[in-house]
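Chemist: What follows is a single structure, and I will ask about it in a moment.
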Amino acid sequence: MKFRKYLLELLLLLLIAGAAVVLVDAFLSDKDEQAALNGYVESGHSADSVAARHASASEPAREVSRHYAEHQHPTPNFDPEKRNTVEGVILHHTAEPTVERSLEVLTSKKKGVGTHVVIDTDGTRYVMCAPEVVTFHAGKSVLNGRESCNEFTIGIEFQGNTLEAPLTDEQIYSAIEYLRPLIVQYHIPTANIVTHEMVRKAYKEKYPDARCYDKVDITPAEYEHFMRLFIEEMGDF
């Protein structure tokens, strides 16, 4: 009986000691955190910004790194005698009902149009040629005063028609995943990521009498949405 009583007293002492350690650790942690927050305020930030910073730190981080399926689907519509200098990106929508139809059009020698990558609504990418290849996606176009945008831009075709439905998040994040290493490798400025409509409009402004019809591709609203997410994901690059 005495041994049992002694054992119970020992266990009670251990529990009390453990609880004391936890309380002391929590006290020190809160004290350190408060000191850090006070220093942040003293450095010129408002109490509201501290609260916002503290709240955001407790929120789960939104997933940024995503991996989408990618397939090789070569197009015969490219210029084998030229090399793309990769200085910009032109965004398009296919305006076709299915990705199969889009791929059929972009590999048709009769139609003679191509692109570097097609991105389906689920984010799946169909790579049609390497970035350094000059393919025929821009037509009559001007970017920063330069004509022949095919020779220095990458073409991205989003499956669908942005006049009828917006780009999916999967399409946008898949495009960012595709572009991220190219942006870094070739130092492509954000200002050189444009839409087909923008380079076509610039061509018409330069050549008012040219036969070049208007084409919304992609819509301004979807372009703005894309660029907002692109800048958010890429940060300082």
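Chemist: Looking at the range 144-158, which of its residues are open to solvent by 10 Å² or more (accessible area, probe 1.4 Å) and part of a strand (DSSP E or B)?
Modeler: Passing the criteria: Arg146, Glu147, Glu157.
Chemist: Also, quick follow-up: Search the range 114-139 for residues being part of a strand (DSSP E or B) and open to solvent by 10 Å² or more (accessible area, probe 1.4 Å), and hand back the single one that is farthest from Gln159 (Cα to Cα). Step through it out loud before you land on a result.
Modeler: The first filter runs over the range 114-139 and keeps only residues part of a strand (DSSP E or B), leaving 117-119, 125-127, 133-135.
From what's left, open to solvent by 10 Å² or more (accessible area, probe 1.4 Å): 125-127, 133.
Values: Arg125: 10, Tyr126: 11, Val127: 13, Val133: 21 Å.
Once the filter is applied, the top-ranked residue is Val133.
Chemist: Being without any contact (Cβ under 8 Å) to a residue 60 or more places away in the chain, part of a helix (DSSP H, G or I) and not basic (Lys, Arg) is the filter here; which residues of the range 65-113 pass it?
Modeler: If the condition is that a residue be without any contact (Cβ under 8 Å) to a residue 60 or more places away in the chain, part of a helix (DSSP H, G or I) and not basic (Lys, Arg), then Glu100, Ser102, Leu103, Glu104, Val105, Leu106 are the ones that fit.
Chemist: Considering only residues of the range 216-236 that are in a loop (DSSP other than H, G, I, E, B) and open to solvent by 50 Å² or more (accessible area, probe 1.4 Å), which is nearest to Asn161 (Cα to Cα)? Outline the logic, then answer.
Modeler: Applying the first criterion (in a loop (DSSP other than H, G, I, E, B)) to the range 216-236 yields 216-219, 235-236.
From the residues that got through so far, the ones that are open to solvent by 50 Å² or more (accessible area, probe 1.4 Å) too are 216, 236.
Details: Val216: 10, Asp236: 31 Å.
Result: Val216.
Chemist: Would you point out which residue out of Thr115, Thr94, Thr75, Thr121 is within 22 Å of Lys215 (Cβ to Cβ) and more than 23 Å from the chain's Cα centre (by Cα)? Before the answer, list the steps.
Modeler: Working: Thr115 fails: more than 23 Å from the chain's Cα centre (by Cα); Thr94 fails: more than 23 Å from the chain's Cα centre (by Cα); Thr121 fails: more than 23 Å from the chain's Cα centre (by Cα).
Within the list Thr115, Thr94, Thr75, Thr121, the selection yields Thr75.
Chemist: Restricting attention to the range 192-214, which residues are of a type in the set (Gly, Ala, Ser) and either assigned to a loop (DSSP other than H, G, I, E, B) or without any contact (Cβ under 8 Å) to a residue 12 or more places away in the chain (or both)? Lay out the reasoning, then the answer.
Modeler: Restricting attention to the range 192-214, the residues satisfying the condition of being of a type in the set (Gly, Ala, Ser) are 202, 210.
Result: Ala210, single match.
Chemist: Now for a different question. Which residue out of Pro97, Pro131, Pro166, Pro181 is at pLDDT 95 or above and either polar (S, T, N, Q) or touching a strand residue (DSSP E or B) at 6+ places or on another chain (Cβ under 9 Å) (or both)?
Modeler: Values: Pro97 fails: either polar (S, T, N, Q) or touching a strand residue (DSSP E or B) at 6+ places or on another chain (Cβ under 9 Å) (or both); Pro166 fails: either polar (S, T, N, Q) or touching a strand residue (DSSP E or B) at 6+ places or on another chain (Cβ under 9 Å) (or both); Pro181 fails: either polar (S, T, N, Q) or touching a strand residue (DSSP E or B) at 6+ places or on another chain (Cβ under 9 Å) (or both).
Just a single option satisfies the conditions, and that option is Pro131.
Chemist: Identify all residues within the range 159-207 that are among the hydroxyl-bearing types (Ser, Thr, Tyr) and open to solvent by 60 Å² or more (accessible area, probe 1.4 Å); write none if there are none.
Modeler: Here is the first cut: in the range 159-207, the ones among the hydroxyl-bearing types (Ser, Thr, Tyr) are 162, 168, 173-174, 178, 186, 190, 195, 203, 207.
Scanning the range 159-207 gives a single hit, Tyr207.
Chemist: Filtering the range 201-237 down to residues that are modelled with pLDDT under 95 and basic (Lys, Arg), which residue is nearest to Gln171 (Cα to Cα)?
Modeler: If we take residues in the range 201-237 being modelled with pLDDT under 95 and basic (Lys, Arg), then Lys215 is nearest to Gln171 (Cα to Cα).
The values are calculated or read from the model by the stated rules, or taken from the named source; none is laboratory data. Just so we're clear, the structure is a prediction, and the values are computed from it rather than from any experiment. Don't worry about glycine lacking a Cβ; one is built from the backbone with ideal geometry, like all the others, and counts go over all protein chains shown. Please note that ligands, DNA and RNA were not included when accessible areas were found on the heavy atoms of the full protein model with its side chains. Shrake-Rupley method; radii C 1.70, N 1.55, O 1.52, S 1.80 Å.
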